[in-house]
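Student: First the structure, then my questions, so here it is.
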Amino acid sequence: MKNSKNRIEEFIRVDHAGERGAVKIYEGQLLALNTIIKDESLKKTIEEMKVHEKEHCQFFENEIKKRNIKPTKLLPLWDLLGVSLGFGSTLLGKKAAMLCTASVEEVIDEHYQNQIDYLGNDEKVLKKKIVKFREDELHHKDIAYKKGATKKGLYSIMDKIIKTGSKIAINISEKI
């Protein structure tokens, strides 16, 4: 399959913004865990997942520079919203914090799978990385459910809000 240069640039721009956003969500969660909420087990889990997100973000940061792609103009807004989402979800408790991870990762699973399906042989390295990153994200989702994420009751509303916000951020970041 022939890859259009613009589409690949959109993938890299939005993936960079998304992985950076994931880092910021975890930073917000850790801020809450280091200041207000004391849960060493949750803190350790989030710190471990954040390591993967930083690795993913660094890859896309390098791709942006290497390919001379402009990052989304909305990075400062996404940073602020990411930290706020992480902080706020953690203040609501462990189930909410873990649902935040699960909800975002469910959106990213589909997002990355669409990119994997699109990418051809001329982007083998990028495709291989996205496959690996998707596997990491699915692992994070599984951890989140094991650690208490739920969509029962009012959590279902939180899930829908986070997923809708994530999809909007993806659509905007591809273009701007």
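The values are calculated or read from the model by the stated rules, or taken from the named source; none is laboratory data. This one's a predicted model, so the numbers in the text were calculated from it and none came from an experiment. All Cβ positions, glycine included, derive from the backbone under ideal geometry; neighbour counts span all protein chains shown.
Student: I'd like to know if the stretch 60-71 contains one or more residues that are touching a helix residue (DSSP H, G or I) at 6+ places or on another chain (Cβ under 9 Å) and basic (Lys, Arg).
Tutor: Yes, the conditions are met somewhere in the stretch 60-71.
Student: Looking only at the stretch 92-101, filter to residues that are of a type in the set (A, V, I, L, M, F, W, C) and surrounded by fewer than 24 Cβ atoms within 10 Å (Cβ to Cβ); which one of those is farthest from Gly21 (Cα to Cα)?
Tutor: For the stretch 92-101, the residue satisfying everything is Leu92.
Per-residue answers, yes or no, for (1) more than 17 Å from the chain's Cα centre (by Cα); (2) charged (D, E, K, R); (3) assigned to a helix (DSSP H, G or I):
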residue: Gln115; (1), (2), (3): no, no, yes
residue: Asp122; (1), (2), (3): yes, yes, yes
residue: Lys127; (1), (2), (3): yes, yes, yes
residue: Glu135; (1), (2), (3): no, yes, yes
residue: Ala144; (1), (2), (3): no, no, yes
residue: Gly148; (1), (2), (3): yes, no, no
residue: Ile157; (1), (2), (3): yes, no, yes
residue: Lys163; (1), (2), (3): no, yes, yes
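Student: Could you check the stretch 72-91 and list, in sequence order, the residues that are part of a loop (DSSP other than H, G, I, E, B) and surrounded by fewer than 17 Cβ atoms within 10 Å (Cβ to Cβ)?
Tutor: Lys73, Leu74, listed by residue number.
Student: Residues to consider are Lys43, Lys2; find the one that is basic (Lys, Arg), farther than 20 Å from Ala169 by Cβ and either modelled with pLDDT of 95 or more or in a helix (DSSP H, G or I) (or both).
Tutor: Result of the check over Lys43, Lys2: Lys43.
Student: Sticking with this one: Is it true that some residue in the stretch 55-67 is at negative phi, buried (at least 17 other Cβ atoms within 10 Å of the Cβ), of a type in the set (Lys, Arg) and assigned to a helix (DSSP H, G or I)?
Tutor: No, the stretch 55-67 contains no residue that is at negative phi, buried (at least 17 other Cβ atoms within 10 Å of the Cβ), of a type in the set (Lys, Arg) and assigned to a helix (DSSP H, G or I).
Student: Kindly evaluate Leu74 against the criterion of being over 26 Å from Tyr155 (Cα atoms) and of a type in the set (A, V, I, L, M).
Tutor: Answer is yes for this residue.
Student: Evaluate the stretch 135-158: report whether one residue or more is closer than 16 Å to Cys57 by Cα and exposed (fewer than 15 other Cβ atoms within 10 Å of the Cβ).
Tutor: Within the stretch 135-158, one or more residues are closer than 16 Å to Cys57 by Cα and exposed (fewer than 15 other Cβ atoms within 10 Å of the Cβ).
Student: For Ile176, all conditions in the list (1) surrounded by fewer than 18 Cβ atoms within 10 Å (Cβ to Cβ); (2) under 23 Å from Thr45 (Cβ atoms) hold save one; what is the number of the exception?
Tutor: (2)
Student: Kindly indicate the residue of the stretch 13-45 that is hydrophobic (A, V, I, L, M, F, W, C) and over 13 Å from the mean Cα position of the chain (by Cα) and also surrounded by the fewest Cβ atoms within 10 Å (Cβ to Cβ) among those meeting that condition.
Tutor: Ile36
Student: Let me ask something else about it. So is Val131 outside any loop (DSSP other than H, G, I, E, B) and either at pLDDT below 95 or under 12 Å from the mean Cα position of the chain (by Cα) (or both) or not?
Tutor: No.
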